[in-house]
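J.: Take a look at this one; I'll ask things after.
The values are calculated or read from the model by the stated rules, or taken from the named source; none is laboratory data. None of these values were measured; they are calculated from a predicted model. Cβ coordinates were reconstructed from backbone atoms using ideal geometry, including for glycine residues, and neighbour counts include every protein chain displayed. In case anyone asks, the SASA skips ligands and DNA or RNA and just uses the protein heavy atoms, side chains included. Shrake-Rupley method; radii C 1.70, N 1.55, O 1.52, S 1.80 Å.
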Amino acid sequence: MPEGDRRDAVKAMVRAGQRELIAELERLDGAARFSRSGGARLLENGAVFERAGVVVTETGETAGLTVVVHPRNPYVPAFHARFRYCEYAGSWWFGGAADLLPCYGFAEDAAHFHRTLKACCDTLDPAFHAQAKRACDDLFRLPHHDEPRGIGGIAFDHLRPPGPDGWRRAAAFTAAGIATLVPAYLPIVRRRKDRPHGDRERQWQLHRRGRYVESALAPTPAADADAVRLTLPPLARWETGFTPEPGSAEAELAAFLVPRDWAAETAVPAS
């Protein structure tokens, strides 16, 4: 496929993904709708989502889709994903990432998220998920806090399968990855969005958002500055020396965030 046709195909892919994600998020929120500014779509002050951004970025050599969701209910995890394509001087590659950022740990949610992503990865190569999960765990770790920002997911960069059908395989996998975001995340939102909570949970959510902001502002491969800015949470907080009460649900999150093979869990208790 000629260069221009490849770029056009990817641009159509990310725009279609943006339309689908917007429709699904608006349907679930039920109150707010996305506004438009260039390639960015932003939902704010919804019934379920405090802010959600679905941003398409396009240049002469690149095309990408970034999705970040900040829910209202602290028991609903935040969510981040991005997919990128770059083609320059006859060379091309795909990249992407998706991860889940809970404030409270639910094994049922973590297993669902990772299993859904693994099923997508297996369509490319059964060995790919383990590599992509490990890359995500490494990429979204906060070294100055010595902790992960969430429970991980997948991350890959410079994906360029060999062979004459390499571009087609990589493009098909990226399209499948974008399509997998809805079944990976929205069932978790539906499960947690009406759970009762109060100011304690809200303040913990704002604290965890501060961790996300620190991570989002750090330079990472294929990050787009405008997309990052548009998808930061509307509110966050930072405290020096903050420590959750020992034995509390908030304190338990630290152990929950330790990387583990969630997709391989054989018995996950409902919660």
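J.: So, in Å, what gap is there between the alpha-carbon centers of segment 98-135 and segment 71-92?
T.: First find each Cα centre; the distance between them is then 14 Å.
J.: Oh, and also: Are there trypsin sites (Lys or Arg not before Pro) in segment 1-85 that DSSP marks as loop and that have at most 14 other Cβ atoms within 10 Å, and which are they?
T.: Arg33
J.: Give me the angle, in degrees from 0 to 90, between the Cα long axis of helix 199-217 and the longest principal axis of the Cα atoms of the chain, rounded to the nearest 10.
T.: The angle comes out near 30 degrees.
J.: Restrict the search to segment 228-267; then list the chymotrypsin sites (Phe, Trp or Tyr not before Pro) that DSSP places in a loop and that have at most 13 other Cβ atoms within 10 Å of their Cβ.
T.: Trp238, Phe242
J.: On full extension of the chain, what length is gained from Glu3 through Glu245, given 0.36 nm per residue of separation minus the C-alpha to C-alpha distance?
T.: Residue separation times 0.36 nm, minus the Cα-Cα distance, leaves 81.5 nm.
J.: Here's a follow-up. Averaged per residue, what accessible surface does segment 127-235 expose to a 1.4 Å probe, in Å²?
T.: Result: 47 Å² of accessible area for each residue.
J.: Separate question: Please check which bits of segment 11-28 a label hung off Asp194 would reach, taking the label as a point 7 Å along Cα-to-C-beta and the cut-off as backbone N under 18 Å.
T.: Counting backbone N atoms under 18 Å from the label point, the list is 27-28.
J.: From the convex hull of the Cα coordinates of segment 1-152, what is the mean projected area in square nanometres?
T.: For segment 1-152, averaging the hull's shadow over all directions gives 10.7 nm².
J.: Taking only protein heavy atoms and a 1.4 Å probe, what accessible area per residue, in Å², does segment 72-120 have with all protein chains in place?
T.: Solvent-accessible surface per residue comes out at 25 Å².
J.: Glu20 versus Ala176, label points 7 Å from Cα toward the beta carbon: distance in nm?
T.: 1.3
J.: Quantify, in whole percent, the carbon and sulfur part of the accessible surface of the chain (1.4 Å probe; protein heavy atoms only).
T.: 53
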